[in-house]
Amino acid sequence: MFWKKPNNSESLIKRKPTKSGMTVLMIPDSGESSKLRLRWTWLIPAAILGLCIGIGAVGAPLLLAASVKTNVSLFTERTKLQLEKADLERRLGLEQGKVQSLTAKTQDFGQRLLDLESRLGNVETRAGVSKVERASVKPGGGANNLAIKDPFEMLSTLDTLLGQSDSRLKKTLDPLDSVMRREAAVPAGFPTPGRITSKFGTRVSPRGGYVERHTGWDIATNMGAPVRVTAPGVVETAGWTSIGYGLHIVINHGYGYKTLYGHLSKLNVNVGDRVSTNDLIGFVGSTGNSTGPHLHYEVRLGNTPINPGSYLFRDRPKFDSLEIK
Ligand SMILES: [Zn+2]
């Protein structure tokens, strides 16, 4: 291969290919050919115009489709949001109803708590909790706290009140428990129904004409009548004695209280047994220094016989089944 220097005519054609245009030669199947001269100054704008028309023809439908799609999507979204808004409004209405109900219940609960506080104050007084101690744990605000409208704030306040009441209850229950146990230890009621034939104090002995000190009450009744204990306790004595009681039982009720049941015909308990109020402990007899079937009943405090009269007619406490300490 070698390089060939172009001749003058070829180099002129290369340097001046055209006169800023092009010629289209149209050759028909028959007849003379014809030329169509097109100038670049026409062709370029025409090409750009054609390109624009082409882009417009293809792009416009696409843009239109995209716009329609966007509008449909927005409409769907708007409808969905409207439905959600309606649902939220409905649920909000329900929630508001619940809040109102909760508020009413909370206020009722608060009022009941205040009532409980009042009753607790009475119990504290009975249990011997000092007023100074009560003042130190008294909740602040009292009934004014129930004026709070916000149920959540009120619940928080009630929670605080409950905590304080719990503290007060703990401070009160121990002394109250002691009071209840002491009350339960006090003998109450008749150990057996019958006729009072002799009371506490000095008397002329039924066996001989001399004056003696009678340390209990005598209750005359049928031989073998059941004898029931008048307070909870532990059997301290159950057996025979030669000092006059004959077959007898002594129950220790705690807090210094004891009861004695004398002249029995038969025992139903043993020493060390724990008994509850109204338990059957023995049967009426006439053992020991006795002139006929009757129960000799004594109440002792600190081992000293005291007049059982007021104890026989004392109402039994509702909590008398408590065990003694
Ligand atoms: Zn007697």
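The values are calculated or read from the model by the stated rules, or taken from the named source; none is laboratory data. Model, not experiment: these values are computed from the prediction. Methodologically, a virtual Cβ is constructed for each residue, glycine included, from the backbone with ideal geometry; neighbour enumeration extends over all protein chains shown.
Remarks
- Just one of the numbered conditions (1) among the aliphatic types (A, V, I, L, M); (2) part of a loop (DSSP other than H, G, I, E, B); (3) modelled with pLDDT of 95 or more is not true of L322: (3).
- Lone qualifier among G31, G50, G93, G56 - being outside any helix (DSSP H, G or I) and either over 30 Å from R168 (Cα atoms) or outside the structural domain of E153 (by TED's automatic domain parsing) (or both): G31
- When G189 is tested against (1) in a loop (DSSP other than H, G, I, E, B); (2) within 16 Å of the ligand (Cβ to nearest atom); (3) modelled with pLDDT of 85 or more, exactly one condition is not met: (2).
- Restricting L43, L74, L25, L120 to those that are within 60 Å of the chain's Cα centre (by Cα) and outside the structural domain of D166 (by TED's automatic domain parsing) reduces the list to L74.
- Scope region 181-215; condition more than 24 Å from D279 (Cβ to Cβ), of a type in the set (V, I, T) and touching a residue at least 40 places away in the same chain (Cβ under 8 Å); matching residues: T197
- Residue in region 216-235 that is without any contact (Cβ under 8 Å) to a residue 40 or more places away in the chain, outside any loop (DSSP other than H, G, I, E, B) and away from the ligand (no atom under 16 Å from the Cβ) present: no
- Residue in region 281-293 that is surrounded by the fewest Cβ atoms within 10 Å (Cβ to Cβ), counting only those that are within 56 Å of the chain's Cα centre (by Cα) and either small (G, A, S) or closer than 15 Å to N222 by Cβ (or both): F283
- Note on region 246-280: residues that are within 16 Å of the ligand (Cβ to nearest atom), under 53 Å from the mean Cα position of the chain (by Cα) and hydrophobic (A, V, I, L, M, F, W, C) total 3.
- Yes/no for I196 being surrounded by fewer than 18 Cβ atoms within 10 Å (Cβ to Cβ), within 13 Å of the ligand (Cβ to nearest atom) and part of a strand (DSSP E or B): yes
- Any chance N289 is within 16 Å of the ligand (Cβ to nearest atom), of a type outside the set (D, E), part of a loop (DSSP other than H, G, I, E, B) and touching a strand residue (DSSP E or B) at 6+ places or on another chain (Cβ under 8 Å): yes
- In region 292-319, residue farthest from the ligand (Cβ to nearest atom) [restricted to those that are among the charged types (D, E, K, R) and modelled with pLDDT of 95 or more]: R300
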